[in-house]
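The values are calculated or read from the model by the stated rules, or taken from the named source; none is laboratory data. These figures come from a predicted structure and were not determined experimentally. So basically every Cβ, Gly included, is an ideal-geometry build from the backbone, and we count neighbours across all protein chains shown.
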Amino acid sequence: MMLLLMLMLSVVLLAHSDDDFCYDEEHCDPYAWGDNYPSCHPLLDSHHSPINLDHQLMKNDSLDSLNLEGFNLTHKGQWWLTNQGHSVVLEVGNGMQVSGGGLPGTYRTIQLHFHWGSVSSNGSEHTLDHLRFPMEMHIVNIKSTHPNLTSALEDPTGIAVLGIFVDVTYLHNENFQSISSALPSVAYKGQTKSIRPFPLVNLLPQNNLTQYYRYHGSLTTPPCSQVVLWTVYEVPVYISWAQFEQFVSGIYSTEEEAANHVLLHDNYRHIHPTYGRSVYASKDAKLLTNGVSSLALLNLLNVLLLLIFKHLAFCI
């Protein structure tokens with residue numbers, strides 16, 4: 001019971017379920033979060049997230065692959081997928097932790113959630129040389145020396161988040177099937193669906209885990225605490241257009257009983273300046289250390305693929 005309460009607290013704090021912030025209304029969108037959460041005001045502090053990852057970074061040969069303990073296992077029990085009004089959150093229970101790769105300790109994994117755009121816009125939070133991907137997945141971990149999230153939020157390096165870009169292709173991603181098949185059951189705010197655990201490593205770019213970028217930033221939702229060590233993988237994972245559409249056209253920010261059902265889309269915070277922060281590339285990172293040509297090609301391919309998939313969906 002105590003574990004369940006701690007997990008529920010994690011969801012409330014890291015992916016807020018209150019109605020005091022939003023993404024698409026002027027009085028409560030990300031530019032107004034500072035009115036209710038002073039720590040979200042971008043002019044008061046200099047370690048906000050997300051940021052644009054560009055060529056103004058430093059190569060760090062000591063940044064090797066992270067140790068993702070338990071990520072390759074199928075754990076017992078149940079995981080819980082919840083629509084909390086601002087994202088879809090998967091609580092993953094115990095059994096996984098992250099260390100190495102320059103992290104100052106061991107971090108236990110508590111949940112993952114998603115940020116996405118719409119049928120006509122991309123919605124990743126971080127951008128890669130100003131390229132915004134259709135989605136971004138965040139795997140949230142808290143330092144194991146802290147008994148709970150509240151304690152971790154008092155530590156400047158209390159939270160480590162793995163950021164994974166999600167791109168769209170014509171191929172169905174079976175590794176996302178456990179999540180995508182449960183989305184209709186959590187279409188409305190407050191709805192929860194149990195999911196049988198699966199190896200979490202299946203959601204990661206498994207062949208490119210040594211390629212990432214690292215910086216010190218913040219939560220991207222209120223209270224925007226600047227206590228996060230970000231690891232953003234440069235190589236995206238892929239889902240099909242049909243799977244992407246389940247997020248952008250099937251998830252609502254309102255409850256099922258609401259008079260008006262409002263789709264949840266473009267649930268990402270705007271890009272913030274680095275203010276001279278050090279942003280590091282791991283020793284095997286390639287895209288931002290080999291010039292802009294590969295990223296330009298990636299951007300062009302991304303746009304063309306989205307146009308093709310949207311056309312095919314319309315024809316069908």
Worksheet entry | Filter pass, VAL140 being within 13 Å of the chain's Cα centre (by Cα) and either within 20 Å of GLY70 (Cα to Cα) or modelled with pLDDT of 95 or more (or both) | yes
Worksheet, complete the sentence: Going through the stretch 33-43 in order, the residues found to be assigned to a helix (DSSP H, G or I) and out of contact with any Phe, Trp or Tyr (no Cβ under 8 Å at 6 or more places or on another chain) are GLY34, ASP35, PRO38, SER39
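Sort out which residues of the stretch 60-83 are polar (S, T, N, Q), surrounded by fewer than 22 Cβ atoms within 10 Å (Cβ to Cβ) and in contact (Cβ under 8 Å) with a residue 60 or more places away in the chain, and write them in order of number.
Residues satisfying the conditions are ASN60, SER62, SER65, ASN72, THR74, GLN78.
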Discussion item. Just to be sure I understand, how many residues within the stretch 78-108 are part of a strand (DSSP E or B), closer than 15 Å to ILE195 by Cβ and not acidic (Asp, Glu)?
Written reply: 8
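Of a type outside the set (Ser, Thr, Tyr), in contact (Cβ under 8 Å) with a residue 60 or more places away in the chain and buried (at least 20 other Cβ atoms within 10 Å of the Cβ): is that true of ARG214 in this structure?
yes
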Worksheet item: Considering the stretch 170-208 alone, what residues qualify as being hydroxyl-bearing (Ser, Thr, Tyr), buried (at least 17 other Cβ atoms within 10 Å of the Cβ) and not in a loop (DSSP other than H, G, I, E, B)?
Response: SER178, SER180
Practice prompt. For GLU257, work out the one condition from (1) surrounded by fewer than 17 Cβ atoms within 10 Å (Cβ to Cβ); (2) at pLDDT 95 or above; (3) in a loop (DSSP other than H, G, I, E, B); (4) within 20 Å of the chain's Cα centre (by Cα) it doesn't fulfil.
Written response: (4)
Response to the item:
For the stretch 201-232 the number of residues that are within 21 Å of ALA285 (Cα to Cα) and either of a type in the set (A, V, I, L, M, F, W, C) or touching a helix residue (DSSP H, G or I) at 6+ places or on another chain (Cβ under 7 Å) (or both) is 9
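Of all residues being within 21 Å of PHE133 (Cα to Cα) and within 18 Å of the chain's Cα centre (by Cα) in the stretch 159-169, which is surrounded by the fewest Cβ atoms within 10 Å (Cβ to Cβ)? Just the residue, please.
Restricting to residues being within 21 Å of PHE133 (Cα to Cα) and within 18 Å of the chain's Cα centre (by Cα), the top hit is ASP167.
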